[in-house]
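The values are calculated or read from the model by the stated rules, or taken from the named source; none is laboratory data. This is a predicted model, so every value here is computed, not measured. Cβ placement follows ideal geometry from the backbone for every residue including glycine, while neighbour counts extend to all protein chains displayed.
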Amino acid sequence: MTKRALNAAAIALAITGLQAATAQARTVVVSTDPTCQDAVKERYSTIQAAVNASAEGGTVLVCPGTYPEQVVLSKPLIIKGVNNPAANQSSAIIRIPAGGLTVNVGNGTDQAQLVMQGTTNAQFVNLVVDGAGGSCSAPTSAIKLYNVGDATWTSSAGIVSGVTIRNQCGEGVNAENSYITLQNSVVHDVSGNGFRASGGDVLVSNNSMHNVGGWGAWLTASANSIVQNNTLSTNSGIIVDGSSTLVQVSGNVIGPYTGTGILVVESGVNVKSNKINGAYSGIWLYKASNSFVQNNTLNHMYSFGIVDEASLTNNLIQSNALTDMPKGIVVYNSDAAGDVVTLNTFNGVDVTISTTLW
């Protein structure tokens with residue numbers, strides 16, 4: 001079974017299994033408070049010092065507090081934020097260092113608060129990454145994943161889970177040539193994209209994003225990836241481009257006040273069972289082929305429900321429900337004979353099916 005076929009529950013089991021497998025490895029603590037994880041004797045004052053001292057397969061427990069540092073993880077290791085009930089504290093917050101961010105990614109151009117690179121079996125769990133006070137003098141991300149795993153992996157080589165990302169002048173999470181999972185996380189007040197992946201294979205599942213200036217999720221040149229069950233109140237919803245293949249976008253809730261809910265550009269995508277409300281356009285296919293748009297619910301579009309523009313044929317638009325919009329389905333500048341548009345329902349749509357945009 002490939003990673004793409006794993007649902008959120010299976011991924012959760014994978015995390016539990018990885019933690020169990022590493023239970024015998026060394027656990028260290030980051031804290032200056034002796035009441036936090038007091039049973040663990042090996043302690044450090046910074047996250048990076050704990051990472052550097054840890055053996056592969058270990059766990060770094062980060063106690064509540066504020067950590068002004070950039071952290072690079074390049075070994076199989078779990079970095080996990082923990083609560084401290086004794087002090088009534090719960091958040092391990094990573095913030096911008098006093099001197100600002102510096103380039104710290106293997107590509108030599110990017111800078112991020114948390115970096116995972118050149119490794120496998122690594123995780124960031126239950127952390128807060130706060131970019132307040134940062135500048136955008138170079139490409140920035142709260143979390144950067146670079147060359148994590150490779151195409152031989154049948155499960156996620158890296159996992160980001162239960163993380164809160166906020167106050168970023170760049171992107172929330174940026175994955176480059178990586179085979180990873182982003183799940184159960186919150187991204188808000190980000191000027192760039194919530195999540196962006198170039199190459200690799202990703203699972204983006206059960207995340208919540210709002211006040212995001214770019215796309216909620218942007219996948220380029222991706223194969224077999226899944227974007228599912230996310231709630232996106234972002235400037236734009238989800239884009240898949242760069243000749244991506246066999247991508248699934250399903251069960252997402254997108255809007256309101258979104259530009260385009262889902263955009264597919266020169267790629268093959270299965271777009272199913274999404275709910276889009278209050279967008280300029282719901283689903284837009286541009287030079288797409290072998291894409292399937294099925295069982296989506298689109299309400300209150302400002303202009304278009306579904307657009308099939310400049311089709312490269314073999315697209316299916318079927319069993320979608322469209323309510324309250326000027327134009328429902330537009331097949332524009334396309335070979336309509338090469339696509340199938342059928343069994344869709346319309347309610348309060350001025351023009352149900354059209355061959356012109358305006």
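Taken together, the residues in the range 197-233 that are in contact with a Phe, Trp or Tyr (Cβ under 8 Å, 6 or more places away or on another chain), within 15 Å of Asn274 (Cα to Cα) and not hydrophobic (A, V, I, L, M, F, W, C) amount to 3.
Mind checking which residues of the range 230-246 are closer than 23 Å to Asn167 by Cα and either part of a loop (DSSP other than H, G, I, E, B) or without any contact (Cβ under 8 Å) to a residue 24 or more places away in the chain (or both)? Matches in the range 230-246: Asn230, Thr234, Asn235. In the range 158-200, of all residues being farther than 16 Å from Ile238 by Cα and of a type in the set (Asp, Glu), the one that is surrounded by the fewest Cβ atoms within 10 Å (Cβ to Cβ) corresponds to Asp189. The set of residues in the range 269-282 being in contact with a Phe, Trp or Tyr (Cβ under 9 Å, 6 or more places away or on another chain) and crowded, with 20+ Cβ neighbours inside 10 Å consists of Val269, Val271, Ala279, Ser281, Gly282. Remark: Ser178 falls outside the filter, which requires a residue to be under 12 Å from the mean Cα position of the chain (by Cα), of a type in the set (Ser, Thr, Tyr) and closer than 19 Å to Tyr146 by Cβ. Among the residues in the range 102-113, are any of a type in the set (D, E, K, R) and either modelled with pLDDT of 95 or more or out of contact with any Lys or Arg (no Cβ under 9 Å at 6 or more places or on another chain) (or both)? Looking through the range 102-113, none of the residues is of a type in the set (D, E, K, R) and either modelled with pLDDT of 95 or more or out of contact with any Lys or Arg (no Cβ under 9 Å at 6 or more places or on another chain) (or both). Is there a residue being assigned to a strand (DSSP E or B), small (Gly, Ala, Ser) and under 22 Å from Ser191 (Cβ atoms) anywhere in the range 102-120? Yes, some residue in the range 102-120 is assigned to a strand (DSSP E or B), small (Gly, Ala, Ser) and under 22 Å from Ser191 (Cβ atoms). Val125 satisfies every condition listed in (1) among the hydrophobic types (A, V, I, L, M, F, W, C); (2) within 17 Å of Ser185 (Cβ to Cβ); (3) modelled with pLDDT under 95 except (3). The set of residues from the range 335-358 being part of a loop (DSSP other than H, G, I, E, B) and either outside the structural domain of Thr297 (by TED's automatic domain parsing) or of a type outside the set (A, V, I, L, M) (or both) comprises Asp335, Asp339, Asn344, Thr355, Thr356, Trp358. Evaluated against (1) closer than 17 Å to Asn121 by Cα; (2) in contact with a helix residue (DSSP H, G or I) (Cβ under 8 Å, 6 or more places away or on another chain), Leu61 falls short on exactly one condition, (2). Across the range 130-139, the number of residues qualifying as surrounded by fewer than 24 Cβ atoms within 10 Å (Cβ to Cβ) and under 18 Å from the mean Cα position of the chain (by Cα) comes to 2. For the range 289-309, how many residues are of a type in the set (Phe, Trp, Tyr), within 24 Å of the chain's Cα centre (by Cα) and crowded, with 24+ Cβ neighbours inside 10 Å? Summing the residues that are of a type in the set (Phe, Trp, Tyr), within 24 Å of the chain's Cα centre (by Cα) and crowded, with 24+ Cβ neighbours inside 10 Å in the range 289-309 gives 0.
When the criteria are applied in full, Arg196 fails the requirement of being at pLDDT 95 or above, over 23 Å from Ile262 (Cα atoms) and either assigned by TED's automatic domain parsing to the domain that holds Thr66 or not in a strand (DSSP E or B) (or both).
Could you say whether any residue in the range 305-315 is more than 18 Å from Val265 (Cβ to Cβ) and polar (S, T, N, Q)? So far as the range 305-315 goes, no, none of its residues is more than 18 Å from Val265 (Cβ to Cβ) and polar (S, T, N, Q). Annotation note: of Val249, Val271, Val227, Val293, the sole residue that is assigned to a strand (DSSP E or B), touching a residue at least 12 places away in the same chain (Cβ under 8 Å) and not assigned by TED's automatic domain parsing to the domain that holds Thr352 is Val227.
Please work out if Ser250 is within 21 Å of Val212 (Cβ to Cβ) and out of contact with any Gly (no Cβ under 8 Å at 6 or more places or on another chain). Spelling it out, Ser250 is indeed within 21 Å of Val212 (Cβ to Cβ) and out of contact with any Gly (no Cβ under 8 Å at 6 or more places or on another chain).
Comparison of Val173, Val163 shows that the only residue that is closer than 15 Å to Ala122 by Cα and not assigned by TED's automatic domain parsing to the domain that holds Val247 is Val163.
Name the single residue that is surrounded by the most Cβ atoms within 10 Å (Cβ to Cβ) among those in the range 310-334 being in a loop (DSSP other than H, G, I, E, B) and within 27 Å of the chain's Cα centre (by Cα). Filtering first and then ranking leaves Asn320.
Looking at Ser74, Ser54, just one residue is at pLDDT 95 or above, polar (S, T, N, Q) and crowded, with 21+ Cβ neighbours inside 10 Å, and that residue is Ser54. Just so you know, in the range 128-153 the residues that are closer than 19 Å to Ala92 by Cβ and in a loop (DSSP other than H, G, I, E, B) include one that is modelled with the highest pLDDT, and it is Gly131.
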